[in-house]
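Here's the structure, in structure tokens; my notes come after.
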There are 2 protein chains.
Amino acid sequence: MALAVQRALALLRLFTQSRPEIGLSEAARLTGESKATVYRLFGTLCESGLVEQVEGTKTYRLGPAVLDLARVREATVPLLSVVQPVLDDLLELTGETCHFTQFNGQAMAVVATAESRKVHRITMQGINTLPLDTTAAGVAFLAFASPAVSASVLQEAARDAKEKAELEARLELTRARGYSEYEFLGDDEAFGVAAPVFRGGSFAFGSLAVVVPPHRMQPALFQKILQGILAGSKTISMKIGSQLRVEH
Amino acid sequence: MALAVQRALALLRLFTQSRPEIGLSEAARLTGESKATVYRLFGTLCESGLVEQVEGTKTYRLGPAVLDLARVREATVPLLSVVQPVLDDLLELTGETCHFTQFNGQAMAVVATAESRKVHRITMQGINTLPLDTTAAGVAFLAFASPAVSASVLQEAARDAKEKAELEARLELTRARGYSEYEFLGDDEAFGVAAPVFRGGSFAFGSLAVVVPPHRMQPALFQKILQGILAGSKTISMKIGSQLRVEH
DNA sequence: GACCAGTGGTTCGTACAGTGAACCACACAA
DNA sequence: TTGTGTGGTTCACTGTACGAACCACTGGTC
């Protein structure tokens with residue numbers, strides 16, 4: 001394919017919430033390209049408005065033209081305008097952090113969030129993607145993804161036969177229930193509950209999830225969350241043109 | 001600069017709200033490039049997720065990765081999260097269609113809107129950009145833009161000395177008032193009132209406007225609109241890190 | 001069925017566009 | 001002063017991008 005274009009687009013992907021601005025030399029180090037190449041490609045990206053240089057400094061950041069693109073995309077395939085009200089309602093119902101993620105080919109990309117107002121919360125600040133195998137959102141998506149996608153991901157994610165079997169069992173359970181739960185242990189312990197979201201077919205493309213500090217997960221809250229994500233995922237799936245595939 | 005990259009980015013700009021999907025041959029005609037070139041560039045854009053092919057057809061449309069970019073941009077330079085609530089409040093206050101536009105180098109790009117709920121309204125549906133010289137938003141921006149920008153635009157927009165003098169007078173009046181008004185005549189007649197929005201400097205980067213069917217513009221409504229856009233533009237300017245330059 | 005116009009897509013010779021080594025100016029720290 | 005780092009420029013060379021020519025398929029008309 002077009003190598004120069006690939007290199008330019010790889011520069012766009014360098015910008016993240018945790019690294020919103022990048023200098024020329026740093027970008028060259030991160031991509032492995034020469035400074036001259038990076039300088040020229042950034043120049044072209046700046047001409048298009050997709051990248052801009054920060055006033056007063058020489059660092060680069062994403063430019064306003066990305067908002068234009070997103071606006072056209074949102075009008076073509078409405079998502080945020082459908083998802084955000086659902087997240088806001090879910091936050092009111094549960095009081096916990098909610099998020100919607102969409103499969104981007106490798107992981108679940110965070111599309112929209114509604115952040116808990118509690119001081120002790122699970123935050124989505126600075127989180128761009130979630131792994132497929134170790135989050136409720138990833139598992140909910142994977143359980144209802146197309147066979148090609150789930151086979152490919154199963155192969156990559158599981159490190160050995162035992163982990164593969166565990167993941168497959170978890171996916172089976174998720175398919176039977178219509179939702180997934182996952183307790184992530186360790187410093188960043190979190191309890192997530194998620195439901196798959198469908199669009200234009202019988203396979204999932206994303207997930208609606210609520211994440212809770214584990215010590216707060218009581219049966220009453222769990223029921224609220226479950227009710228909210230099942231209703232919310234159904235609303236989103238319906239509004240963007242599909243049918244929820246699981247019948248209880 | 002990087003010609004292949006320019007060509008690829010020009011393909012991105014083909015997608016608009018009124019033309020959300022494009023086939024290979026059409027894109028080749030629109031850009032003047034060969035089908036082979038367009039096919040290859042679209043392939044690379046599809047790999048990156050910025051473009052995708054519509055399921056069941058061969059047409060291309062903007063892909064979900066543009067939402068990722070927009071999310072990073074919004075986190076880096078918050079705009080929509082600041083602007084949309086202001087637009088919603090302004091709509092409640094006036095009952096008329098409100099919009100926020102940002103200068104994109106050639107015209108005012110529509111960033112966000114809040115649409116009147118009246119059946120007879122000025123709509124922003126399908127509008128991507130507004131001209132600088134024949135809209136209240138354009139004039140409000142231009143009156144407070146940097147001298148380099150306004151000189152360049154004055155030269156391009158005005159067709160002869162008379163038009164140039166009229167535009168300059170309009171800009172002077174706008175600077176003295178701190179807002180602009182413009183009545184567009186003809187089939188699409190509309191009365192717009194707009195205030196400039198500033199960020200990170202003493203020059204405008206965008207405009208906050210309300211547009212009304214002319215027959216509905218009464219003094220009481222005009223006062224409401226004026227109050228709303230002056231307060232709203234000040235809120236936006238303050239929240240994204242600047243000072244409103246005009247003191248009344 | 002034959003023909004035509006249109007679609008998306010493939011191949012490969014060639015030339016031109018992209019690359020990066022070498023260099024520059026500047027800033028800052030020791 | 002020396003060294004290290006930044007953003008930036010130049011130009012020889014070659015690798016990549018280009019497009020003319022071609023393909024398969026679809027749908028419409030006669």
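Quick notes on this one:
- The stretch B:63-171: trypsin sites (Lys or Arg not before Pro) in DSSP coil with no more than 14 other Cβ atoms inside 10 Å: B:Arg117, B:Lys118, B:Arg159
- Estimated FRET transfer efficiency (A:Glu172, B:Ser146; beta-carbon r; R0 41 Å; 0.05): 0.10
- Counting all C-alpha pairs of chain A, share separated by more than 27 Å (%): 44 percent
- Descending Cα extents along the principal axes, the protein assembly as shown, whole Å: 80, 52, 42
- Position A:Ala220, label points 7 Å along Cα→Cβ, spacing to each other copy in nm (shortest first, one decimal): 4.9
- Residue order, fewest to most beta carbons within 10 Å, for A:Ile122, B:Ile225: A:Ile122, B:Ile225
- Label-to-label distances for A:Ala36 across copies, nearest first, come out at 2.9 nm, using points 7 Å from Cα in the beta-carbon direction.
- For the stretch A:1-48, the spherically averaged projection of the C-alpha convex hull amounts to 3.4 nm².
- Cleavage-rule hits (trypsin sites (Lys or Arg not before Pro)) in the stretch A:173-228: DSSP loop, at most 11 neighbouring Cβ within 10 angstrom: none
- The amide H of B:Met217, built 1.01 Å from its N in the peptide plane, has no neighbour under 5 Å, considering only residues 5 or more places off or on other chains.
- Net charge of the neighbourhood of A:Thr16, taken over other residues with C-beta under 12 Å away and scored Lys/Arg +1, Asp/Glu -1, is +3.
- Alpha-carbon centroid distance for the pair the stretch B:80-141 / the stretch A:101-179, whole angstrom: 39 Å
- Entries of A:Lys234/B:Lys239; A:Lys118/B:Lys239; A:Lys118/A:Lys234; A:Lys58/B:Lys234; A:Lys224/B:Lys58; A:Lys58/B:Lys239 with Cα pairs more than 31 Å apart: A:Lys234/B:Lys239; A:Lys224/B:Lys58
- Maximal additional length on extending the B:Glu21-B:His120 stretch stands at 32.7 nm, based on 0.36 nm per residue less the C-alpha distance.
- Calculated FRET value between A:Met1 and A:Arg29, using beta carbons and R₀ = 35 Å, to 0.05: 0.90
- Loop-located chymotrypsin sites (Phe, Trp or Tyr not before Pro) in the stretch A:1-95 (DSSP state other than H, G, I, E, B) with a sparse environment of at most 16 neighbouring Cβ atoms within 10 Å are absent.
- Local electrostatic count at B:Lys164 - Lys and Arg +1, Asp and Glu -1, tallied over other residues with Cβ under 12 Å: -3
- Amide H contacts of B:Ala145 (H built 1.01 Å from N, under 5 Å, at least 5 apart or other chain): B:Ala204
- Other-chain or far-sequence residues with amide H under 5 Å of B:Arg199's (modelled H): B:Phe205
- Cβ-defined net charge surrounding B:Pro214, 12 Å radius [Lys, Arg +1; Asp, Glu -1]: -4
- Where chain B is carried onto chain A by rotation, the Cβ closest to that axis, with its residue and distance in Å, is B:Ala70, 2.
- Couplings 3J(HN,Hα) of the stretch B:117-125, computed from phi: 8, 6, 5, 8, 9, 8, 9, 9, 4 Hz, in residue order, whole Hz [Karplus 6.51 cos²θ - 1.76 cosθ + 1.60, θ = phi - 60°; x for Gly and Pro].
- Kyte-Doolittle at least -0.5, axis length at least 27 Å by Cα - qualifying DSSP helices, chain A: A:219-239
- Report summary: the helix-based calculation at 222 nm, which adds -39500 (n - 2.57) for every DSSP H run with n ≥ 4 and divides by the residues of chain B, gives -15000 deg cm²/dmol.
- Sorted from shortest to longest, the distances between the A:Arg19 label points of this copy and the other copies are 3.6 nm, with each point 7 Å from Cα along the line through the beta carbon.
- Shape category assigned to the stretch B:127-179 from the gyration tensor of Cα positions, a/c cut at 1.5: rounded
Bear in mind these aren't lab numbers, they're just calculated from the coordinates by the rules spelled out. This one's a predicted model, so the numbers in the text were calculated from it and none came from an experiment. Every residue, glycine as well, gets a Cβ built from its backbone with ideal geometry; the counts of neighbours run over all protein chains shown.
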